[in-house]
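Worksheet: one structure, shown below.
The values are calculated or read from the model by the stated rules, or taken from the named source; none is laboratory data. All of these numbers come straight from a predicted model, not from anything done at the bench. Note that each Cβ is placed from the backbone with ideal geometry, even for glycine, and that neighbours are counted across all protein chains shown. We work out accessible area using only protein heavy atoms, side chains counted, and drop any ligands, DNA or RNA first. Shrake-Rupley method; radii C 1.70, N 1.55, O 1.52, S 1.80 Å.
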Amino acid sequence: MILDHRKALVVFSGGQDSTTCLFWAKKHFDEVRALCFRYGQKHEVEVDIARGIAERTGVPFEEKDVHFISQLSSGCSLTDTSIQMDEERRGNLPPNTFVPGRNLFFLSIAAVYAREHGIMNIVTGVSQTDFSGYPDCRDSFIRSLNVALNLAMEEQFVIHTPLMWIDKAETWKLADELGVFDIVRNETLTCYNGIKGDGCGLCPACKLRRHGLEEYLKQRRNY
């Protein structure tokens, strides 16, 4: 299969970051598809929200069941409801919302899927600026995985990370520039407790999202 540089696949969860990346991809590529994953996350409703956003924007959507990811390790509050979610960082340790291997598996599966559909470009919403302590959101990981995937399949995939070096306030700004600020604010699900829009306001994901939103709105008022 010859990979088409005009095509892109977005690893899509229906959250703030991946939705912003979806519209970024629609701006930069001729054909965009979205791939979502069910991995045993307690906020699994994000998959249905992702599907709805993709359908409303005319993006072909597919979901994959990868529950094996959550079965490989224990101690993750996103996949084990009996564990209380960390609200703050634990020193230099990843928070217990970290799912070991999640982005490794997501991007590897995405690359195989992309190859089957002749897609060269893979887009993911990871960020080293606001990486929340997750090691698989760092630029060094993405770059090394990109090389490994190309070697493993003798292809020339390009993994795009539009949010890698921007914070949440700048991510809101990007959504605004793309003309989808209201969609991202009201229709996406970032909350680990499964509440759409502004979320629960208590989980780490909601706090990070809210802080970025408040900072961006303050900047916008000063323009």
Tell me yes or no: at least one residue of segment 172-195 is more than 23 Å from L9 (Cα to Cα), of a type in the set (F, W, Y) and assigned to a loop (DSSP other than H, G, I, E, B). yes
From the list I109, I142, I122, exactly one residue is among the aliphatic types (A, V, I, L, M), assigned to a strand (DSSP E or B) and either touching an Asp or Glu at 6+ places or on another chain (Cβ under 8 Å) or closer than 21 Å to H5 by Cα (or both). Which is it? I122
Can you pull out the residues in segment 133-147 that are open to solvent by 50 Å² or more (accessible area, probe 1.4 Å) and not β-branched (V, I, T)? R138, S140, R143, S144
Go over the candidates P100, P162 one by one and state the one that is modelled with pLDDT of 90 or more, in contact with a Cys (Cβ under 6 Å, 6 or more places away or on another chain), assigned to a loop (DSSP other than H, G, I, E, B) and open to solvent by 20 Å² or more (accessible area, probe 1.4 Å). P162
Please indicate, with yes or no, whether at least one residue in segment 71-86 is modelled with pLDDT of 95 or more and either among the basic types (K, R) or touching a Cys at 6+ places or on another chain (Cβ under 8 Å) (or both). no
Could you grab me the full set of residues in segment 148-157 that are surrounded by fewer than 15 Cβ atoms within 10 Å (Cβ to Cβ) and either assigned to a loop (DSSP other than H, G, I, E, B) or in contact (Cβ under 8 Å) with a residue 60 or more places away in the chain (or both)? E154, Q156
Is there any pair with a first residue in segment 186-214 that is over 13 Å from D86 (Cα atoms) and a second that is basic (K, R) and buried (at least 19 other Cβ atoms within 10 Å of the Cβ) whose Cβ atoms are under 6 Å apart and which are 6 or more apart or on different chains, and what are they? T190/R209; L208/K168; G212/K168
Based on this model, can you work out whether G75 counts as outside any helix (DSSP H, G or I), open to solvent by less than 40 Å² (accessible area, probe 1.4 Å) and either at positive phi or touching a helix residue (DSSP H, G or I) at 6+ places or on another chain (Cβ under 9 Å) (or both)? no
The residue that is surrounded by the fewest Cβ atoms within 10 Å (Cβ to Cβ), considering only those in segment 186-223 that are touching a helix residue (DSSP H, G or I) at 6+ places or on another chain (Cβ under 9 Å) and of a type in the set (S, T, N, Q), is Q219
